[in-house]
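The values are calculated or read from the model by the stated rules, or taken from the named source; none is laboratory data. Computed from a predicted structure; not experimentally measured. So basically every Cβ, Gly included, is an ideal-geometry build from the backbone, and we count neighbours across all protein chains shown.
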């Protein structure tokens, strides 16, 4: 079930302009609390105290704790790379930017906290699924560009290929973030590229 911020229905005052600076400050504070104490420890009272806003300000923008938490997570930067015209180099640039985010943002503490909560919170799981799908778009586009250049077979599944890239990234970032190394991921990239090429070259099996 969703965790309501309050039970009463909230009505936005007509004509009241949104204060984006205040919203961003609230989300920044929320992200900090999530990184420190996780979803279970996140409370509106704590956000109110640190952001120095009223509860009404929060209620007008986010109706549930899940909405607030995912909105805060969305403050983290998206991976955005310029294509090198070569998939192996694009994958390395993708991984290096992710590594930078692990080292400079609360990503590595906030994401596991949300994923853990989502295992038994259906509302959060759905919200998180939506935002993660959006965040995957850059990587999927990278694979589509490689297909268009002829580096990968035309029948390559872009979403599946991107999963093969982010799997090692997530594993390393959660369990050994110091080992997100260029040499290792160049090796992974070559295996992934060769694997898709080999699959396409296999003769079809008679029915």
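Overview of values
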read-out: Residue under evaluation residue 140, criteria (1) part of a loop (DSSP other than H, G, I, E, B); (2) surrounded by 14 or more Cβ atoms within 10 Å (Cβ to Cβ), criterion not met; value: (1)
read-out: Some residue of the stretch 181-189 being in the same structural domain as residue 104 (by TED's automatic domain parsing) and under 29 Å from residue 71 (Cβ atoms); value: no
read-out: First in the stretch 65-93 and free of Cβ contacts under 8 Å to residues at least 60 places away in the same chain, second anywhere and loosely packed, with under 14 Cβ neighbours inside 10 Å, Cβ under 6 Å, 6 or more apart; value: 90/84
read-out: Condition check for residue 126: at pLDDT 95 or above, closer than 30 Å to residue 63 by Cα and part of a helix (DSSP H, G or I); value: yes
read-out: Filtered residues of the stretch 34-56 (kept if farther than 20 Å from residue 119 by Cα, in a helix (DSSP H, G or I) and in contact with a helix residue (DSSP H, G or I) (Cβ under 7 Å, 6 or more places away or on another chain)); value: 44, 46, 47, 48, 50, 51, 55
